[in-house]
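> Sharing a structure here in C-alpha cells format.
The values are calculated or read from the model by the stated rules, or taken from the named source; none is laboratory data. All of these numbers come straight from a predicted model, not from anything done at the bench. Cβ placement follows ideal geometry from the backbone for every residue including glycine, while neighbour counts extend to all protein chains displayed.
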Amino acid sequence: MKRSEAKEKLLLYRELIDDDDLRFEDALAHARRDPELAEWLREQSSCYDAIRSKLSEIEAPADLVEKVIRNRPIPSAATAGRLNALQRWDWTQILKLAAAIIISAAITAVSLKLWQRQTHRVIQGREIIVKGEVLDMACYIAYNWSGLEHAACASDCIRNGLPVGIKAKNGRIYLLTGYDAHVNAELADYAAKIVTIRGKVTARDGFAQIQVEEIRKF
Amino acid sequence: MPGDPEFEKLVRLYYRDLYRFGFSLTGSEIDTSDLTQETFYIWANKRHQLRNPTNVKSWLFTTLYREFLKICRYRQHVAHEPLSESAQDLPHISADMVNRIDAQTLLDFLGQIDERYRAPLVLYYLEDLSYKQIGDLLAVPLGTVQSRIARAKIRLFQLLTKTNPSLSRAK
C-alpha cells in the first residue's frame, strides 16, 4: 500500500471509535511502519480532537429544557387513549373507561325499555357454541381495537378484570361471564385468538352474554 | 395539565446532544430551539410506535435531521456546489490552528457546506458513532456516508485554511 492510499483511508480514522473497524487495519499497520505517515496520523487525530472539542462548546440556551417541557403537546384524544392503554400501570383510567361503558350501556337499555313500554323477549339459559375472536371489550368499544396487534394490551386488560367478549364470525358480540372469577384469568391467555366457547346464552334488549362453561382453542 | 415524567426525563437526558447537533446544522439558536422542541413533541406523540426503546437517541437524531431537511426544502436554500475533493486536496491543518478560531467561526464554515455533507460530518465529530450507525441514522448507505464525510472534511479544512493561510503550511 502506498502512503497516499493509506492517507485516503486514514482520513476518516478516529482513535478508539474506529479501532475495531477492519477497514482501517491495513492502513494503520502501514502507519506503524512509516514514521512520516504516523506523524501525519497523529496530527489528524489532534485536529479531530480540537474540532470535536470546539463543537462540544455549543451550549443549549438555559431555558430550553423548561420551555420544551412546559409547552409539550397535549396528546389528541385518540393518542391519549392509546397511550393510556399502552401504559399498563395506568389502570385507573382504564377502569374509569370500563365503568363509563357499563353505565352508558345500562342507561341505554333502561331508556329503551321505558320508551318502548313493552316486554322484550328474553332468551335465557339456552346452550350455545360460538367460535370467534376473544375481545377486550373496553378497548374494542372505545377504540375498535382488536386483532393480534392489540393482543398484549387485550391480555392485560382482561387479566385485570375488564369486560371480556367474543366476536362471532357473523359479527355478533357476546359478553363473556363465568360462574366464578377465574373466567377472565383463563380468557386472558386467549386474547385476540380464535376460540370456541360453549356456554349458556342470555340476551336482553339486544345485549347478549354467554356464561362460559368450556373454552376450546381453535 | 398533569406532568409526564417519562417525557421530562427524556428531554433532560438528550436535549444538550440534540441541540448541539441541530446547532451545528443550522447555526441558528432560534431554528435549533424550534427543531429541538419539535423533535421532542414528535416523540411525545409517537413514542408508542418505537419498536426498540433503546434506540431512542438515534431516533431523536434522525427525527431532528428530517425536520431540518424540511426547513431546508421550505426555505429553498441556494444549492451548494457538489463536493468533489479527494484526499490529495486535503490541506494541512494543525490542532493549534483550530484552537485559535472560535466555535462560531467553525459553525460558519460548516454552514457553507451542503447540508447533505454537513450532517454526517457533524455526527462524525460530535457523536461516537460508527459509520454504519451514522448511515442508519441519516438513511444513507455506508459507502455514501464515508465519501460524504471525507469530502466534507476536506472542504472544511480548505475553509479553515482560507481564514488564516499563514497558520497552515504545505503538506
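> Going through the stretch B:110-148 one residue at a time, which ones are of a type in the set (F, W, Y) and either more than 23 Å from A:I58 (Cα to Cα) or within 13 Å of another protein chain (Cβ to nearest Cβ) (or both)? Before you say what the answer is, go through the steps one by one.
We begin by selecting, within the stretch B:110-148, every residue of a type in the set (F, W, Y); these are B:117, B:124-125, B:131.
Scanning the stretch B:110-148 gives B:Y124, B:Y125, B:Y131.
> Another question about this same structure. Just for the stretch A:127-166: of the residues that are among the charged types (D, E, K, R) and in contact with a Ser or Thr (Cβ under 7 Å, 6 or more places away or on another chain), which one is surrounded by the fewest Cβ atoms within 10 Å (Cβ to Cβ)?
Here is the first cut: in the stretch A:127-166, the residues among the charged types (D, E, K, R) are A:127, A:131, A:133, A:136, A:149, A:156, A:159.
After this cut, where a residue has to be in contact with a Ser or Thr (Cβ under 7 Å, 6 or more places away or on another chain) as well, the list is A:131, A:133.
Numbers: A:K131: 13, A:E133: 22.
For the stretch A:127-166, the residue satisfying everything is A:K131.
> Step by step: first the residues of the stretch B:119-137, then only those that are more than 9 Å from the chain's Cα centre (by Cα) and not in a loop (DSSP other than H, G, I, E, B), then the one that is surrounded by the fewest Cβ atoms within 10 Å (Cβ to Cβ). Which residue is that? Before you say what the answer is, go through the steps one by one.
From the stretch B:119-137, those more than 9 Å from the chain's Cα centre (by Cα) are B:127-137; that's our starting set.
Cutting the leftovers down to not in a loop (DSSP other than H, G, I, E, B) gives us B:131-137.
Numbers: B:Y131: 21, B:K132: 12, B:Q133: 16, B:I134: 24, B:G135: 20, B:D136: 16, B:L137: 22.
Among those that are more than 9 Å from the chain's Cα centre (by Cα) and not in a loop (DSSP other than H, G, I, E, B), it is B:K132.
> On to the next question. Do we find that A:N184 is surrounded by 15 or more Cβ atoms within 10 Å (Cβ to Cβ), modelled with pLDDT of 85 or more and farther than 25 Å from B:H48 by Cα in this structure? Steps first, answer last, please.
On the way: surrounded by 15 or more Cβ atoms within 10 Å (Cβ to Cβ): yes; modelled with pLDDT of 85 or more: yes; farther than 25 Å from B:H48 by Cα: yes.
In short, yes.
> Related question: What helices (runs of 4 or more DSSP H), lying completely within the stretch A:12-70, carry at least 3 residues that are loosely packed, with under 13 Cβ neighbours inside 10 Å and either out of contact with any His (no Cβ under 7 Å at 6 or more places or on another chain) or more than 8 Å from chain B (Cβ to nearest Cβ) (or both)? I'd like the intermediate steps shown before the answer.
Values: elements: A:25-33, A:35-56, A:64-70.
Result: A:25-33, A:35-56.
> Kindly evaluate A:L175 against the criterion of being free of Cβ contacts under 8 Å to residues at least 60 places away in the same chain, farther than 19 Å from A:Q93 by Cβ and in contact with a Gly (Cβ under 8 Å, 6 or more places away or on another chain).
Yes: the conditions hold for A:L175.
> Filter the stretch A:13-56 for residues that are among the aliphatic types (A, V, I, L, M) and either touching a Cys at 6+ places or on another chain (Cβ under 6 Å) or under 19 Å from B:L106 (Cα atoms) (or both) and give the result. Break it down into steps so the answer makes sense when it comes.
Taking the stretch A:13-56 as the starting set, the residues that turn out to be among the aliphatic types (A, V, I, L, M) are A:16-17, A:22, A:27-29, A:31, A:37-38, A:41, A:50-51, A:55.
Scanning the stretch A:13-56 gives A:A50, A:I51, A:L55.
> Looking at (1) more than 8 Å from every other protein chain (Cβ to nearest Cβ); (2) under 19 Å from A:Q44 (Cα atoms); (3) in a helix (DSSP H, G or I); (4) at pLDDT below 90, find the lone condition where B:Q104 falls short.
The single condition B:Q104 does not satisfy is (2).
> For the structure I just gave you, tell me whether A:T119 is loosely packed, with under 14 Cβ neighbours inside 10 Å, more than 23 Å from A:A100 (Cβ to Cβ) and either at pLDDT 90 or above or polar (S, T, N, Q) (or both).
Working: loosely packed, with under 14 Cβ neighbours inside 10 Å: yes; more than 23 Å from A:A100 (Cβ to Cβ): yes; either at pLDDT 90 or above or polar (S, T, N, Q) (or both): yes.
So A:T119 passes the test.
Every residue, every condition in (1) of a type in the set (G, A, S); (2) under 25 Å from B:N99 (Cβ atoms); (3) within 42 Å of the chain's Cα centre (by Cα), yes or no:
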residue	(1), (2), (3)
A:Y13	no, yes, yes
A:E25	no, no, no
A:E43	no, yes, no
A:Y48	no, yes, no
A:R52	no, yes, yes
A:I69	no, no, yes
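> Right, another one. Just give me the residues in the stretch A:199-218 being under 13 Å from A:V134 (Cα atoms) and in contact (Cβ under 8 Å) with a residue 40 or more places away in the chain, in sequence order.
A:I210, A:F218
> Please specify each residue of the stretch B:17-36 satisfying the condition of being facing chain A (nearest Cβ under 10 Å), within 15 Å of B:R66 (Cα to Cα) and either of a type in the set (F, W, Y) or surrounded by fewer than 18 Cβ atoms within 10 Å (Cβ to Cβ) (or both).
Passing the criteria: B:Y19, B:F21, B:F23.
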